Structures are given as C-alpha cells and as structure tokens.
Amino acid sequence: MKIVYFVPVFPRISETFVTRELEELAKQGQHNITIVSWGREEHDIPNLLKGSIIKFEPSYKQAFSANLEYLFRYPFRYLKTLFLFIFSNHVSIKGFVHDMASFLKSMAVAKFIEKLKPDHLHTHFLSWTASFTMGVGSILNIPFSITIHASDLFIKNSPSIVGFATMKKRKINTAIFVVTVSKFNVEYLRNVLEISDSKIKMIRTGININEFKDRNISYPKTKPLIIVQVGKFVPKRGFEYTIKACKKLKEEGIDFVCHLIGGPDISMESKDYYFKLIDKVNSLGLNQNIEFHGAIEFKHVKDIIAKCHVIISPSITPNNNDSEGLPTSIIEGFLAKRPVIATNHSGIPELVKDGENGFLIAEKDVGALVHHLKFINNNMRQAELMGLSGYSKVVKEYNIVNSVRKLSLFFEGQN
C-alpha cells in the first residue's frame, strides 16, 4: 500500500513522535511511505527515511494554475471540495481567509502528489496540515486520516491562526478515520464534538523501548537534586509553577538544579511567555539553579535525562482551553526509569499513577510540587523504584512497534 504523509516541517525537534512513527513504519516495511515536506529541517533526517522525502512548497502561482486545471478536469469534485471549505466553521473572518488560502494551495499540493499515485494520505494535527490533506484527498478521491494530539483538538482561540484548528468537525467527518492518543481525547471527541465511535481510533504515542540503551541510566544517589522539565514554552506547560517551586526549594535550603528544555513556538504569545520566564528567573536570583537549554535534539535531551532524579510536568488548563494530550516527555522520563511528578490533567493520569510510578498533583499547586520534590530528594531509593514501575508500564503499553502495527491495520481498513 502506498501512503503519503504530509509533514510540512520534517524532522522537527518538538515532534519526535512523528519521526519515530515514520521510522518504525519504514522499518516494518508493510507500506511504501513517502513524506511530502516543505523542505525545512530542524535536525538531521534519520537514515531509514532519507530516500522517502520529497520536498515541495507550493507558490500561489502554482496554486492558481492547479485550481484552473482541476476546475476543468474534475468540475464536480472541485466544486464539492470548494464547498467543504466554504460551508464549515471557520471560527472568524481571519480563519475563513486562512482556510480559503489552504484550499487554493492544497490544489497545487494535489497536483504534485497525484503523480505519486498514493492509496492513502495521512497527517498529524487537526490544524492547517489537515486542511491541506482534506483538500488533496477530496480532489483526488483518495482516503485520508489524521492523528489528533492536544492543542489542535482543545484550543478555543489563538492569536496565531496558523497553529489553530478551524473546521474541526468537517475535517474529522471527511477523514476515513482519526487517530488520537488518550482515552481523555476519545471522550472529548465523542461527547464534545459528537464524533461517531466508528470514526475514532485510539493509539498510544509509541516510543522505541531501546531509546536509552546507549546511555547509563542508573539512578543517581548523590546530590544535588536534578529536576528536568521538557516541552514547548507555552502557558499550558506550567513552567511558571516550576519556577515558583524552585524558589521555595531554594528558600528551604535544598540543593538542586532544574533543567528547562524547549523553546517557544512560532506565536508571539509563546515568545513573550518564554522571555517573561527568563526575566522571572533572573529577578528571583535563580540563575545558578535553573538552566534554560532551548530547543535541542533528543540525543542531547537524553544526556540530561540520564543524569536527573525526576521529570516534572506541571501542566495547566489556560483560559483558551489549550490542554495537553499526554506529554511525550513523561513517556521518555519513564523509559529512562525516572519517577514523574505531573498534574491531574487531561490524559496524564492514564500513565502517571499516584504513589506508584510518581505523583499526581492538582493544577497550579506549587506546595504539592515542592512537597513531592523534597520527598524524592530525601527518599531516592523509593524514587528509583517508582521509576522502574513507570518503565514497566511504558514498555508494556507504549512500545512503538505495537502502536505502528495497529496504525498499519487501520491504513489497510482493518478494525
């Protein structure tokens, strides 16, 4: 089966889960995979995928030419596709303009993809990437599917229309199926967006269970306490609560180092948030305790995780409802046999079990975060056992080999 993945920026540092999925699909060899990319790369392309990427970014000149061609070649399909875009929930005038631009350019992408003769199209995220995929699938009469994660599903509004999902129900109902990563997401799709159960497939975010085999991940028994938080610098990650917790640890004389790994996304809101956090750390005199690493490749993230005592994920639900799905950093932390402290938020409790493999706290509860960090600092043997429990759960339920096999069956039309 020939499958085209539409991944505009590939590989992307913040989307290791997409790269892992594609590598495993290539490794299993059940399908002929082609990645259509804009041609922008944030790190080296994995060897397994180097021959599978075709770079193409459409211009408006190509888009207008393709629209005229398809209007005359497939008039019924073209008008049907146009109506899919026009008569939908665009959220705002700005959203409508963006969606219509996506329609126009999707015809140029369709013309480019048509020569590949794919049997199926797939993309990640319900935002503009899915708009392109819907346009291509509709005009070429090719089934398509979407993997839905978090902000693309939950967010209600955003100053950045590029990262915001419009036409959600339209894209989901037009797709042959949608994949999502947690039971929480499934319930949201079913109860809030009223999507049919037959349309929804749940597949856990997979990880290569041998990812840390090339690192020494023996649990450290020495001080200082090393804390790690990984993720994009967006409000839902709760980085400001990490900083508040660090302030309290310092006031109580705890010897610690906290590594904050990630960078802002393309929105001004995220960039403003990032620089406010840096200013906060400076103003509180925490420069010697908190280190910002920026967006770094996972091989460097592994080096830091391998030396830490605990992974934290103090996620919150901001006013625009931009919630998590299930942070990949939690899965990675457990794979490194580290305990996790996280909030009782979205799909997180499906993986983090309070008192077993880590601790669950309420959103914005700095006191609880500090309490559990001090517990780990004073009970490292028990923290080590919690990490081992998390490792067992991830190996059993989040093995990418099983996740991709399941996805392959869905591509083939098997339930």
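The values are calculated or read from the model by the stated rules, or taken from the named source; none is laboratory data. This structure is a prediction, so every number in the text was calculated from the model and none was measured. We place every Cβ from the backbone using ideal geometry, glycine too, and count neighbours over all the protein chains shown.
Tabulated data
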| quantity | calculated |
| --- | --- |
| Pairs, first in the same structural domain as Ile261 (by TED's automatic domain parsing) in segment 317-331, second basic (Lys, Arg) and not in a helix (DSSP H, G or I), C-beta under 7 Å, six or more apart | Asn320/Lys156; Asn321/Lys156 |
| Residue among Leu48, Leu104 that is closer than 23 Å to Ser14 by Cβ, in contact (Cβ under 8 Å) with a residue 12 or more places away in the chain and among the hydrophobic types (A, V, I, L, M, F, W, C) | Leu48 |
| Residue that is farthest from Phe87 (Cα to Cα) [pool: residues in segment 163-188 that are over 17 Å from the mean Cα position of the chain (by Cα) and aliphatic (A, V, I, L, M)] | Ile176 |
| Test result for Leu116, in contact (Cβ under 8 Å) with a residue 12 or more places away in the chain, over 19 Å from the mean Cα position of the chain (by Cα) and in the same structural domain as Phe85 (by TED's automatic domain parsing) | yes |
| Any hit, segment 365-384, residues being buried (at least 17 other Cβ atoms within 10 Å of the Cβ), within 27 Å of Asp152 (Cβ to Cβ) and either assigned by TED's automatic domain parsing to the domain that holds Lys302 or basic (Lys, Arg) (or both) | no |
| Residue that is among the hydrophobic types (A, V, I, L, M, F, W, C), in the same structural domain as Thr147 (by TED's automatic domain parsing) and either at pLDDT 95 or above or touching a Cys at 6+ places or on another chain (Cβ under 8 Å) (or both), where the choices are Val281, Val178 | Val178 |
| Matching entry among Val18, Val36 (being in a strand (DSSP E or B) and either in contact (Cβ under 8 Å) with a residue 60 or more places away in the chain or not assigned by TED's automatic domain parsing to the domain that holds Ile53 (or both)) | Val36 |
| Filtered residues of segment 106-164 (kept if aliphatic (A, V, I, L, M) and in a strand (DSSP E or B)) | Leu121, Ile146, Ile148 |
| Some residue of segment 74-83 being within 30 Å of Lys271 (Cα to Cα), surrounded by 21 or more Cβ atoms within 10 Å (Cβ to Cβ) and among the polar types (S, T, N, Q) | no |
| Flag for Ala383 being outside any loop (DSSP other than H, G, I, E, B), closer than 15 Å to Ser315 by Cα and either among the aliphatic types (A, V, I, L, M) or touching a Gly at 6+ places or on another chain (Cβ under 9 Å) (or both) | no |
| Verdict on Lys117 being touching a strand residue (DSSP E or B) at 6+ places or on another chain (Cβ under 7 Å) and loosely packed, with under 14 Cβ neighbours inside 10 Å | yes |
| Residues located in segment 190-208, provided they are surrounded by fewer than 17 Cβ atoms within 10 Å (Cβ to Cβ), small (Gly, Ala, Ser) and under 18 Å from the mean Cα position of the chain (by Cα) | none |
| Helices (runs of 4 or more DSSP H) contained in segment 209-320 and holding at least 3 residues touching a strand residue (DSSP E or B) at 6+ places or on another chain (Cβ under 7 Å) and surrounded by 13 or more Cβ atoms within 10 Å (Cβ to Cβ) | 239-251, 298-305 |
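Every residue, every condition in (1) out of contact with any Ser or Thr (no Cβ under 6 Å at 6 or more places or on another chain); (2) under 17 Å from Phe6 (Cβ atoms), yes or no:
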| position | (1), (2) |
| --- | --- |
| Phe17 | no, yes |
| Trp38 | yes, yes |
| Pro58 | yes, yes |
| Tyr74 | yes, no |
| Ile86 | yes, no |
| Ile93 | yes, no |
| Met100 | yes, no |
